[in-house]
Amino acid sequence: MKDIRKISVYDTLVVYYFSGTGNALKAARWLADRASEYGMEVHLHSIDRFEKVTPPELNGKTLIVFCYPTHGFNLAPIMMKYIAKFPRGKSGVVTLNTRGGLKFGKIYFPGLSGVAQLLPMFLLLLKGYKIKGSLPFDMPSNWISIHPGLTDSAAGDISRRRERQIGKFAERLFEKGRAFSYKFFVYLPLDIAVAPITIGYYFCGRFIFAKSFYASADCNDCRLCVEKCPTNSIVLVGKRPFWRYTCESCMRCIGICPSKSIQTAHSFVIPMMYLFSLIPVTAAAVNILGLPADGILQDVLIRVINWIAVFLFLIAGYFIFAQVLRVKFINRLFEYTSLTRYWKRYIASGMKLRDFGTK
Ligand SMILES: Cc1cc2nc3c(=O)[nH]c(=O)nc-3n(C[C@H](O)[C@H](O)[C@H](O)COP(=O)(O)O)c2cc1C
């Protein structure tokens, strides 16, 4: 209901969101609830499986928000594609990247944005938009391929802090028209320092993670993972889910799987990476292609050749892996050596399956 004491400089809020496990969706909803208190018209758009961009209908003073998780110190690639395809405009825009916050004992640890804030701001500025705010938002980390899911109590504590933070952010944004945090400059040196990892993750790491998922013998062919995948990256081969390279490791499938049969195959990926390290790709590239002894060009070329070689190696390895998983004994062997078998999974509290629509 409109609180007549609250007056916003905007009259419409349009939020485009992508959310693997519900954190970004929660943030988008919190912001939308605040906007409603100001009597603003609110539109929330999921960009799951988008085929074309839905530009906002601009009436009066519209504020556009892009809300998405940070992946590998970058914005989730699906959101990057969405923003890249977004039409030019002059409205005010805000970026809100959820990060992976942690809590041990009483101490809270923030995530790290890398370029997840800077890059979309830059793209939107180039398109003519006015940046009215940007918020790195530390929700409970969902990256359970690399660490166990947080306890309910730690995740709950982090979420409650964030709800208060977004309240203050929304107040400044809607009443003063813009909201930035000084923390942007505090994090900036670190965000820039991790840029090489951002590049490595974007061009290589994310594809390795994409090829780390498999379904154990407990999979009951319910196909929920196929149905709910936001990038349409899970296909059935026989009756078994198979992850394509377009997978963004958003953690939705592993979080919602009713039989908890989806795993990250640590015992497949780690030995594969070790085996790959034994192949003399760099030496072969230098000899066969006759690359110069040193120099930046050589460095870049060798990296690119290495990335391509990793893809090919993984494509072949994952194909063989998918075949041998049909043998129940081998399947169980991988299952019991996958850390996710023992780890708590993560879906933002209060999220229901219907919150993860595919359109
Ligand atoms: C593949 C992957 C990469 C991630 N990389 C980062 C990162 O670079 N920095 C960070 O702070 N959090 C990182 N996280 C944590 C998520 O950004 C964080 O938990 C986010 O709130 C999840 O939002 P969602 O539930 O809307 O998907 C990563 C998570 C995943 C699954």
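The values are calculated or read from the model by the stated rules, or taken from the named source; none is laboratory data. As the structure is a prediction and not an experimental result, all values here were calculated from the model. Cβ sites come from the backbone with ideal geometry, for glycine too, and all protein chains shown count toward neighbours. Areas reflect the complete protein model, heavy atoms only, side chains present, ligands, DNA and RNA absent. Shrake-Rupley method; radii C 1.70, N 1.55, O 1.52, S 1.80 Å.
Kindly indicate whether any position in segment 161-181 is within 15 Å of the ligand (Cβ to nearest atom), within 27 Å of ARG345 (Cβ to Cβ) and either open to solvent by 80 Å² or more (accessible area, probe 1.4 Å) or basic (Lys, Arg) (or both). Within segment 161-181, one or more residues are within 15 Å of the ligand (Cβ to nearest atom), within 27 Å of ARG345 (Cβ to Cβ) and either open to solvent by 80 Å² or more (accessible area, probe 1.4 Å) or basic (Lys, Arg) (or both). Please work out if ASP299 is among the charged types (D, E, K, R), open to solvent by 30 Å² or more (accessible area, probe 1.4 Å) and under 24 Å from TYR202 (Cα atoms). In short, yes.
In summary, GLY205 fulfils each of the numbered conditions (1) modelled with pLDDT of 95 or more; (2) buried (at least 16 other Cβ atoms within 10 Å of the Cβ); (3) among the small types (Gly, Ala, Ser); (4) out of contact with any strand residue (DSSP E or B) (no Cβ under 7 Å at 6 or more places or on another chain) with the single exception of condition (1).
When SER91, SER8 are checked against the criterion of being of a type in the set (Ser, Thr, Tyr), more than 16 Å from the ligand (Cβ to nearest atom) and surrounded by fewer than 20 Cβ atoms within 10 Å (Cβ to Cβ), SER91 stands alone in meeting it.
Residue-wise test of (1) in contact with a helix residue (DSSP H, G or I) (Cβ under 9 Å, 6 or more places away or on another chain); (2) part of a strand (DSSP E or B); (3) not assigned by TED's automatic domain parsing to the domain that holds TRP30.
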{"site": "LEU112", "(1), (2), (3)": "yes, no, no"}
{"site": "ALA116", "(1), (2), (3)": "yes, no, no"}
{"site": "LEU119", "(1), (2), (3)": "yes, no, no"}
{"site": "LEU125", "(1), (2), (3)": "no, no, no"}
{"site": "GLY128", "(1), (2), (3)": "no, no, no"}
{"site": "GLY133", "(1), (2), (3)": "yes, yes, no"}
{"site": "MET139", "(1), (2), (3)": "yes, yes, no"}
{"site": "TRP143", "(1), (2), (3)": "no, no, no"}
{"site": "GLY149", "(1), (2), (3)": "yes, no, no"}
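Only a single criterion out of (1) at positive phi; (2) open to solvent by less than 60 Å² (accessible area, probe 1.4 Å) is not satisfied by LYS260, namely (2).
Being in contact (Cβ under 8 Å) with a residue 40 or more places away in the chain, more than 13 Å from the ligand (Cβ to nearest atom) and surrounded by fewer than 24 Cβ atoms within 10 Å (Cβ to Cβ) is the filter here, so list the residues in segment 17-34 that pass it. Result: ARG34, single match. Identify, please: which residue in segment 99-125 is more than 14 Å from the chain's Cα centre (by Cα) and charged (D, E, K, R) and is, among those, nearest to ARG160 (Cα to Cα)? Among those residues, the one meeting the criterion is LYS103.
To keep it simple, each residue is scored yes or no on (1) open to solvent by less than 30 Å² (accessible area, probe 1.4 Å); (2) within 11 Å of the ligand (Cβ to nearest atom).
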site	(1), (2)
MET40	yes, no
HIS45	no, no
PHE73	no, yes
ASN97	yes, yes
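Scanning segment 190-222 for residues that are within 22 Å of the chain's Cα centre (by Cα) and more than 15 Å from the ligand (Cβ to nearest atom) gives TYR214, ALA215.
Remark: VAL65 matches the filter, which requires a residue to be part of a strand (DSSP E or B), more than 13 Å from the ligand (Cβ to nearest atom) and touching a helix residue (DSSP H, G or I) at 6+ places or on another chain (Cβ under 7 Å).
Scanning segment 109-122 for residues that are more than 13 Å from the ligand (Cβ to nearest atom) and over 12 Å from LEU75 (Cα atoms) returns a single hit, PHE122.
Here LYS228 passes the criteria (1) open to solvent by 70 Å² or more (accessible area, probe 1.4 Å); (2) under 30 Å from TYR318 (Cα atoms); (3) within 16 Å of the ligand (Cβ to nearest atom) except the one numbered (1). Scanning segment 29-57 for residues that are more than 23 Å from SER159 (Cα to Cα) and of a type in the set (Gly, Ala, Ser) yields a count of 1. Consider segment 143-156 and keep the residues that are open to solvent by less than 40 Å² (accessible area, probe 1.4 Å) and farther than 26 Å from PHE213 by Cα. The one that is farthest from the ligand (Cβ to nearest atom) is GLY156.
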